[in-house]
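Engineer: Just passing along the structure, written as structure tokens.
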Amino acid sequence: VSGVPVRVCARCGHGVFPERSLCPRCGAGEWALREIARGRVEEETTVLRAPVPLDGPVRLALVRLADGPLVIARLERDAARGDEVEVTYQDGVPIVRI
Ligand SMILES: [Zn+2]
């Protein structure tokens, strides 16, 4: 189990996910990789018709990673806005399990 792989700009410290070639804040192109496994739920929603084949409704959350960017994560537990959660990363998708 690992955290979400966030690219952190070597010049200004801005974190992005998914990765980009240039930093949207300062334009630099050098990155350090940091795995971030903690975050806070900013919004949560249920998607009834997912764009990918998954069983049943899919619950998603916007999670602000600790010191990092906002990511869309799949919710595999109940979570409400403001909850501190642990975010894992599997098959290219951030997932909130705990
Ligand atoms: Zn930067």
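The values are calculated or read from the model by the stated rules, or taken from the named source; none is laboratory data. Keep in mind that this is a model prediction, so the values were computed, not measured. Neighbour counts are summed over all protein chains in view; Cβ atoms, including those assigned to glycine, are modelled from backbone coordinates with ideal geometry. Protein only, heavy atoms only, side chains kept; ligands, DNA and RNA dropped before computing areas. Shrake-Rupley method; radii C 1.70, N 1.55, O 1.52, S 1.80 Å.
Engineer: Tell me yes or no: at least one residue of the range 53-60 is among the small types (Gly, Ala, Ser), over 11 Å from the mean Cα position of the chain (by Cα), buried (at least 18 other Cβ atoms within 10 Å of the Cβ) and at pLDDT below 95.
Structural biologist: Checked against the condition, which is being among the small types (Gly, Ala, Ser), over 11 Å from the mean Cα position of the chain (by Cα), buried (at least 18 other Cβ atoms within 10 Å of the Cβ) and at pLDDT below 95, the range 53-60 yields no hits at all.
Engineer: Please find, within the range 84-98, the residue that is surrounded by the most Cβ atoms within 10 Å (Cβ to Cβ) out of those that are of a type outside the set (D, E, K, R) and not in a strand (DSSP E or B).
Structural biologist: First, the residues of the range 84-98 that are of a type outside the set (D, E, K, R): 85, 87-90, 92-96, 98.
Subsequent filtering for residues that are not in a strand (DSSP E or B) retains 92, 98.
On the way: Gly92: 7, Ile98: 12.
Ranking the candidates gives Ile98 first.
Engineer: Also, I was wondering about something else. Mind listing just one residue for me: the one in the range 9-24 that is more than 9 Å from the ligand (Cβ to nearest atom) and open to solvent by 30 Å² or more (accessible area, probe 1.4 Å) and, of those, farthest from the chain's Cα centre (by Cα)?
Structural biologist: Within the range 9-24, the match that is farthest from the chain's Cα centre (by Cα) is Ser21.
Engineer: Same structure, new question: If I go through the range 57-82 residue by residue, how many of them are in a strand (DSSP E or B), basic (Lys, Arg) and farther than 13 Å from Ala37 by Cα? Before you say what the answer is, go through the steps one by one.
Structural biologist: Just the residues of the range 57-82 that are in a strand (DSSP E or B), to begin with: 58-65, 70-75.
Within this subset, residues satisfying the condition of being basic (Lys, Arg) are 59, 64, 74.
Now narrow it down to the ones that are farther than 13 Å from Ala37 by Cα: 59, 74.
Counting residues in the range 57-82 that are in a strand (DSSP E or B), basic (Lys, Arg) and farther than 13 Å from Ala37 by Cα gives 2.
Engineer: Based on what the data block shows, is Gly27 near the ligand (Cβ under 9 Å from one of its atoms), part of a loop (DSSP other than H, G, I, E, B) and under 23 Å from Glu84 (Cβ atoms)? Give the steps one after another, and end with the answer.
Structural biologist: Values: near the ligand (Cβ under 9 Å from one of its atoms): yes; part of a loop (DSSP other than H, G, I, E, B): yes; under 23 Å from Glu84 (Cβ atoms): no.
Judged against the criteria, Gly27 is not a match.
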